[in-house]
2 protein chains.
Amino acid sequence: MTFPFEHLTTDGHARAGLLQTPHREVPTPVFMPVGTQATVKAVSPRDLHDLGATIILANTYHLYLRPGDERIARLGGLHRFMGWDGPILTDSGGYQVFSLATRRKIDADGVTFRSHIDGSEHRFTPEKAIAIQENLGADIITCLDECAPPLDYDYNVQALARTHAWAERCQAAKTRRDQALFGIVQGGIFPDLREQSTRFLTDLGFDGYAIGGLSVGETKEQMHAMLEVVDGVLPTHQPRYLMGVGTPEDLVECVARGVDMFDCVLPTRLARNGGALTRTPGLSPSQPSRLNLRNARFADDPDPIEPGCTCYTCTHFSRAYVRHLTTTNEILGHHLLTLHNLHLMLTMAHELREAILEGRFQAYREEFWQKRPVPMNSEQ
Amino acid sequence: MTFPFEHLTTDGHARAGLLQTPHREVPTPVFMPVGTQATVKAVSPRDLHDLGATIILANTYHLYLRPGDERIARLGGLHRFMGWDGPILTDSGGYQVFSLATRRKIDADGVTFRSHIDGSEHRFTPEKAIAIQENLGADIITCLDECAPPLDYDYNVQALARTHAWAERCQAAKTRRDQALFGIVQGGIFPDLREQSTRFLTDLGFDGYAIGGLSVGETKEQMHAMLEVVDGVLPTHQPRYLMGVGTPEDLVECVARGVDMFDCVLPTRLARNGGALTRTPGLSPSQPSRLNLRNARFADDPDPIEPGCTCYTCTHFSRAYVRHLTTTNEILGHHLLTLHNLHLMLTMAHELREAILEGRFQAYREEFWQKRPVPMNSEQ
């Protein structure tokens, strides 16, 4: 293991630890804001620092296309390029490439795809995915994997064979000793495949384990069942990262099932569409913890987005002002909502950690759900 | 005079003073960032504070339409609404309305216009312009004026008659005692009309004097000639505000002609188009003090936008990174360029003040122009 995962405390299946990286220690559970194109959209590195973000994610696919991983390497690597002195994790590009659907073709050796920007043809192999991520220079890099449709068993069997072969090749291709490499568990919604994948990867031995292919169409119950399978097989003393998840509700329920690390575009993307995450029940029963600031009912509302919230947005501005900014499409509206939403996710991850360290995770979890009008397992 | 303009120091025709307002003291010369829709685009109030901005401008026309001046009054006024605790100046809406061209109709009593947003019909009279600005609650408000095409003498004669009648009506309509009212000198590029306008308004007696209708198509020489006419007539001990101007070059040359206050969308608008203002000669002879960060030549450039600049952008990020952000249309690119451009304008205004207080304005002016490859009077 390149970077130790230390001081592990458990409370039921929930875990709190400290992940060491070359750029800073990461207390877990942790939420990683997504910096797709070498920027977490609508906020600056100093904003992220002020929000208490410790580690962020960047996308290999996007940075490979623009501005190019070799250019970033020439400019001193991704940390220096984007002015972020904390840890970074890069995905392998697999998820984005497989999302291109008709614009990509998979074979045993890798995947050929056309850029979403200009249609130019490119090819990712496991070796190429590692080479790009070594150019970018993130603290944690990930294996090229195939993110298959979660409900198709036969397809998942085939995809898993590729994902496993590629994991071996990624491990062999890695040359830098200052980067941790995470394997990615796949297997759709099928317990046998998830167990098989987890055993295969842990036998290979990685610095940590990502859990991919979830939150892509399956139910929450199915996702939770997969986490429970994986939790039972993964080694205790290494970090587990649930890719692309999730909501405040997901944080609580997936920490309860042994997850240490999360990333999701939800808080930042929702912000740019006028949406705020909240801790309190919202105004719409189907979205119990969100507010749509574009709604006319906020036009004269002098209250902050969430009374009691300590973020910059809630301590300085009213819902009426944020609504004005979002309806006039002002950049400051995107910025203020992004600050609020990231603050909530980062603060929740911190609170979950404190609860675990103090042995009161279950109480935190129960209190969290008591504030919500719908039972935990019917959340979408 | 509602708010005193104190501690006036002159150096040639250049002036340094302190403008008292209910919200803070404003050292002059001053550059006012433009907050069109109750936000200076792409920056937050704390950014403005960190940049050293003391007073900002907001647009009566835009705020009247969205979110509405009565709504802002209900929410506690513009300062509270936008979370800015420093002074604010509002324009009268005249410039925006007259810019609507075919969508407005002027008569002796006021102007009827159609909203650029939804085509709905509205009417501004002098009394209405004051009522809206009293609802907004800025520290400094301005008279409704007509901004005429600068080169049409006969039109300017007629427009000036309206502007003067409206100035009297604005003065009579004003009810709040905690707002200063500025008259607006018009008269196109015609010295006799400018002199007539200045005398008429100073006879009425305002808290300060705005100079309107410049930087709208005339040459720099014509603008400078008008400033010299107005400078010779305006009372010494009241502030003079040149509306909608200007560039770094304009700051130097208009301070040299007795101007105290400036506003311009240039630094913020340029930023959102990938442009940076600089102190050093640029790469294009026709734009001696600007860089276009979209230019491919910056793709691998590790230098800051302006070496030596102390702004957040230049102390943390390379031209290559800012170029990446602007070409991918990331919000952070707009933010970082806005910070840099506002920093330059605000810093220059501060330096001009220091130079005047120390009696070395002319030396500052000469040094400024020595760095530029084109003579001062052929600048556009």
In Å and on Cα atoms, what radius of gyration and Dmax does region B:265-380 show?
14.7, 47
With both bridge residues required to lie in chain A, what share of the DSSP beta bridges run antiparallel, to the nearest 5%?
50 percent
Cα pairs beyond 25 Å in chain A, in percent, come to 54 percent
Sequence-separation-based contact order of chain A, relative, with Cα cut under 8 Å and 6+ spacing, percent
17 percent
What is the order of A:R176, A:R169, fewest Cβ neighbours within 10 Å to most?
A:R176, A:R169
Considering just Cα atoms, how many Å³ per residue does the convex hull of region B:124-266 enclose?
104 Å³
If you wrap a convex hull around the alpha carbons of the protein assembly as shown, what volume per residue comes out, as a whole number of Å³?
163 Å³
Which listed pairs, of B:K105/B:K128; B:K105/B:K174; A:K174/A:K220; A:K41/A:K105; B:K41/B:K128, have C-alpha distances above 23 Å, in listed order:
B:K105/B:K174; A:K174/A:K220; A:K41/A:K105; B:K41/B:K128
Which residue, A:T175, A:T202, A:T60, tops the fluctuation ranking in a GNM of chain A built on C-alpha contacts under 10 Å?
A:T175
With DSSP loop assignment and no more than 10 other C-beta atoms within 10 Å, the chymotrypsin sites (Phe, Trp or Tyr not before Pro) in region B:80-151 are none
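State the antiparallel share, in %, of DSSP beta bridges confined to the protein assembly as shown, rounding to the nearest 5.
If I count the DSSP bridges inside the protein assembly as shown, around 50 percent turn out antiparallel.
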For A:K371, which aspartates and glutamates qualify as cross-link partners when the Cα separation must be under 17 Å and same-chain residues fewer than eight apart are set aside?
A:E249, A:D250, A:E253, A:E306, A:E351, A:E379
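Quick note: the coordinates plus some simple rules give every number you see, no bench work behind them. All figures in this text were calculated on a predicted structure; none of them were measured in a lab. Methodologically, a virtual Cβ is constructed for each residue, glycine included, from the backbone with ideal geometry; neighbour enumeration extends over all protein chains shown.
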